Amino acid sequence: MNDCLFCKIASGQIPADIVAENEIAVAFRDISPEAPSHVLVIPREHHDNVADLALANPLLAGQLLALAAEVIQTEKLTNGYRIVTNTGVDGGQSVNHLHFHVLGGRGLTWPPG
Ligand code: AMP
């Protein structure tokens with residue numbers, strides 16, 4: 001997608017604070033962190049949201065979670081963490097390229113707003 005921010009981060013056109021990456025996915029620090037550790041995990045391939053991805057390429061969905069698991073280890077989130085994917089207007093999605101937020105390093109409240 002030509003004007004997609006996260007496609008540009010995935011391809012290196014826009015810099016990001018990358019914490020892990022492989023052939024199919026990139027993990028980088030959120031520019032506006034909501035927790036001491038706040039990392040976004042994205043596929044290099046563009047999908048708008050997790051349901052689109054799971055239907056189009058379920059293997060990739062699992063591979064993304066595997067990269068999230070690497071992040072959880074390297075960020076040492078031994079006390080727990082949350083993986084969130086906001087979707088659509090009601091879900092509060094602001095970037096329409098699927099991303100998992102991996103949040104940790106503090107107690108996280110529930111329910112979300
Ligand atoms: P969402 O609102 O769930 O779609 O999440 C989008 C996230 O992307 C927000 O938490 C933003 O802070 C984050 N974000 C936006 N632009 C950048 C960027 N250039 N680098 C890193 N994170 C970003």
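The values are calculated or read from the model by the stated rules, or taken from the named source; none is laboratory data. Computed from a predicted model, the values in this text were never measured in an experiment. Glycine also receives a Cβ, built like all others from the backbone with ideal geometry; neighbour counts cover every protein chain displayed.
Of the conditions (1) buried (at least 17 other Cβ atoms within 10 Å of the Cβ); (2) part of a helix (DSSP H, G or I), Leu103 clears all except one; give me its number.
So the condition that Leu103 fails would be (2).
Which residues, counting only those in segment 74-95, are exposed (fewer than 11 other Cβ atoms within 10 Å of the Cβ) and more than 8 Å from the ligand (Cβ to nearest atom)?
Correct list: Lys76, Thr78, Asn79, Val89, Asp90.
Could you grab me the full set of residues in segment 99-113 that are within 15 Å of the ligand (Cβ to nearest atom) and either of a type in the set (Asp, Glu) or in contact (Cβ under 8 Å) with a residue 60 or more places away in the chain (or both)? Full working, then the answer.
Step one: of segment 99-113, the residues within 15 Å of the ligand (Cβ to nearest atom) are 99-104, 108, 112-113.
Scanning segment 99-113 gives His99, Phe100, His101, Val102, Leu103, Gly104, Leu108.
Here are some conditions: (1) under 20 Å from Gly92 (Cβ atoms); (2) over 14 Å from the mean Cα position of the chain (by Cα); (3) aliphatic (A, V, I, L, M). Val39 meets all but one. Which one does it not meet?
Val39 satisfies all of (1) under 20 Å from Gly92 (Cβ atoms); (2) over 14 Å from the mean Cα position of the chain (by Cα); (3) aliphatic (A, V, I, L, M) except (2).
What number goes with the only condition from (1) away from the ligand (no atom under 16 Å from the Cβ); (2) assigned to a helix (DSSP H, G or I); (3) crowded, with 16+ Cβ neighbours inside 10 Å; (4) hydrophobic (A, V, I, L, M, F, W, C) that Leu53 does not pass?
Here Leu53 meets the rest and fails (1).
Within segment 7-23, does at least one residue satisfy the condition of being surrounded by 17 or more Cβ atoms within 10 Å (Cβ to Cβ), under 27 Å from Pro111 (Cβ atoms), touching a strand residue (DSSP E or B) at 6+ places or on another chain (Cβ under 6 Å) and in contact (Cβ under 8 Å) with a residue 40 or more places away in the chain?
Scanning segment 7-23 turns up no residue that is surrounded by 17 or more Cβ atoms within 10 Å (Cβ to Cβ), under 27 Å from Pro111 (Cβ atoms), touching a strand residue (DSSP E or B) at 6+ places or on another chain (Cβ under 6 Å) and in contact (Cβ under 8 Å) with a residue 40 or more places away in the chain.
Quick one: which residue in Ala61, Ala66 is aliphatic (A, V, I, L, M), buried (at least 16 other Cβ atoms within 10 Å of the Cβ) and under 19 Å from Asn22 (Cβ atoms)? Even if it seems obvious, please write down each step before you answer.
Working: Ala66 fails: buried (at least 16 other Cβ atoms within 10 Å of the Cβ).
Of the residues listed, the single one that is aliphatic (A, V, I, L, M), buried (at least 16 other Cβ atoms within 10 Å of the Cβ) and under 19 Å from Asn22 (Cβ atoms) is Ala61.
Is it the case that segment 49-56 has a residue that's modelled with pLDDT of 95 or more and closer than 16 Å to Leu5 by Cα? It would help to see each step written out before you state the result.
From segment 49-56, those modelled with pLDDT of 95 or more are 49-56; that's our starting set.
If we keep only those that are closer than 16 Å to Leu5 by Cα as well, we get 49.
Checked against the condition, which is being modelled with pLDDT of 95 or more and closer than 16 Å to Leu5 by Cα, segment 49-56 yields at least one hit.
Among (1) in a helix (DSSP H, G or I); (2) of a type outside the set (Lys, Arg); (3) modelled with pLDDT under 95, where does Gly113 come up short?
Unmet for Gly113, out of (1) in a helix (DSSP H, G or I); (2) of a type outside the set (Lys, Arg); (3) modelled with pLDDT under 95: (1).
Quick one: in segment 24-49, which of the residues that are over 18 Å from Lys76 (Cα atoms), assigned to a loop (DSSP other than H, G, I, E, B) and among the hydrophobic types (A, V, I, L, M, F, W, C) is nearest to the ligand (Cβ to nearest atom)?
Among those that are over 18 Å from Lys76 (Cα atoms), assigned to a loop (DSSP other than H, G, I, E, B) and among the hydrophobic types (A, V, I, L, M, F, W, C), it is Ile31.
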